[in-house]
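Visitor: Structure in structure tokens, see below.
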Amino acid sequence: MMDLQIKQVYFSYFDGLVLHNINLSIEAGEMVALLGPNGSGKTTLIKLATGVLKPSQGEIRLDGSNLSRLSRKSIARTMAVVPQQFHIPFSFTVAEVVTLGRIPFLKAFAGESAVDRQLVTNALELVGIAELRERRFDELSGGERQKVILAMALAQQPKLLLLDEPTVHLDITHQVEILELVRRLNAEEGLTVIAAMHDLNLASLYFGRLVLLKEGRVSTDGTPAQVLTEDRIKEVFSAAVKVEPHPVTGVPHIVVTPKGSATKRR
């Protein structure tokens, strides 16, 4: 289990400030979803949390250690990332792609050990894609590729898992499969999870804590019931919605209010 502390963090690209005074305390074992419109800073915050980007001001601490003082290998041995896009320039098999997750643990000029190969097999089985291990990654469907990337992350045996839009471009079956697996790992293995999410309803169903960003600032931080209110969604997304209890779980469920032609067609 691992915690992440983000303290008074600012970040800017060449064209201006992107994140403003971000303060977040992610405790070990939490599942947290980052929400917000496009351009609100979700992906940038994920990249800062992984050490890929450095804050302009402030600091990020991983289990008490300043992230900027940790080596890339040290970070990769405790934290895994499932990116929004993942490209392999060669025609690797699924097993070969998942084996990339063991790189932080390999000794220089040495191949993977029997332990590494077993961990790759375990990751494939855990995600439910063991039968795909000899298939070519570039021949898979979008949902299958996302599972392979998740298996690669799990082969790192991380304590903290960061996901950047893990369900984007996936059909509803694969969306649910990915999030069910992540929630099970959180519950059974104590895996700390931070995910940038696009779908508010899926975030409400699977995450107990939501952080809503607006223009690079934290607008609201709390439970789905505290964050996903009609007024807050209208303020942040400029969208008229109705928020009702989910018919099965009771968590907030967002229904878009149709306008103009949509109302007339109905």
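Visitor: For region 89-157, what ratio Rg/Rh do Cα atoms give with a Kirkwood hydrodynamic radius? Can you show the working numbers first?
Guide: On the way: Rg = 11.3 Å, Rh = 11.8 Å.
Rg divided by Rh gives 0.96.
Visitor: Rounded to the nearest 0.05, what FRET efficiency do Glu112 and Thr229 have when you use their Cβ-Cβ distance and R0 = 41 Å?
Guide: Efficiency for this residue pair is about 0.25.
Visitor: Take each complete run of DSSP H in the chain, measure how far its Cα atoms stretch along the helix's own axis, and keep only those covering 15 Å or more with mean Kyte-Doolittle hydropathy at least 0.5; list them. Could the numbers behind the result be given before it?
Guide: Values: long enough: 114-127 (20 Å, 0.60); 142-154 (18 Å, 0.43); 172-189 (25 Å, -0.18).
Length and hydropathy pass: 114-127.
Visitor: Still on this structure, I have one more. Less than 14 Å Cβ to Cβ from Val236, Lys/Arg counted +1 and Asp/Glu -1: what total charge do the surrounding residues give?
Guide: Details: positive: Lys42, Lys214, Arg217, Arg232, Lys234; negative: Glu215, Asp221, Glu230, Asp231, Glu235.
Once positives and negatives cancel, what remains is 0.
Visitor: Rounded to whole Å, give me the distance from the Cα center of region 170-192 to that of region 127-167.
Guide: Each part's Cα centre sits 12 Å from the other's.
Visitor: Kirkwood Rh over alpha-carbon pairs of the chain, then Stokes-Einstein at 20 °C and 1.002 mPa s: what D in µm² s⁻¹, rounded to an integer?
Guide: D = 109 µm²/s.
Visitor: Do any of Lys159/Lys234; Lys54/Lys107; Lys159/Lys242; Lys107/Lys147; Lys147/Lys234; Lys7/Lys159 go past 32 Å between their Cα atoms, and which?
Guide: Distance filter (> 32 Å) returns Lys159/Lys234; Lys159/Lys242; Lys147/Lys234.
Visitor: Moving to a separate point now. Any idea what the relative contact order of the chain is, in percent, if you count C-alpha pairs under 8 Å spaced at least 6 apart? Write out the running numbers ahead of the final one.
Guide: Working: 478 pairs, mean separation 63.2, N = 266.
Relative CO of the chain lands at 24 percent.
Visitor: Given a Förster radius of 35 Å and the C-beta distance between Leu17 and Thr257 as r, what FRET efficiency does 1/(1 + (r/R0)^6) yield to the nearest 0.05?
Guide: According to the calculation, E is roughly 0.60.
Visitor: Is it possible to state the helix-based mean residue ellipticity at 222 nm for the chain, with each DSSP H run of 4+ residues giving -39500 (n - 2.57), the sum divided by total residues, to the nearest 500 deg cm²/dmol? What is it?
Guide: -9500 deg cm²/dmol
Visitor: For Glu188 and Glu134 in the same chain, what is the full-extension length gain: residue separation times 0.36 nm, less their Cα-Cα distance, in nm?
Guide: Here the segment from Glu188 to Glu134 would lengthen by 16.6 nm.
Rule-based calculations on the coordinates, nothing more; no lab input. These numbers come from a predicted model, not from an experiment. Backbone-built Cβ (ideal geometry, glycine too); neighbour counts: all protein chains shown.
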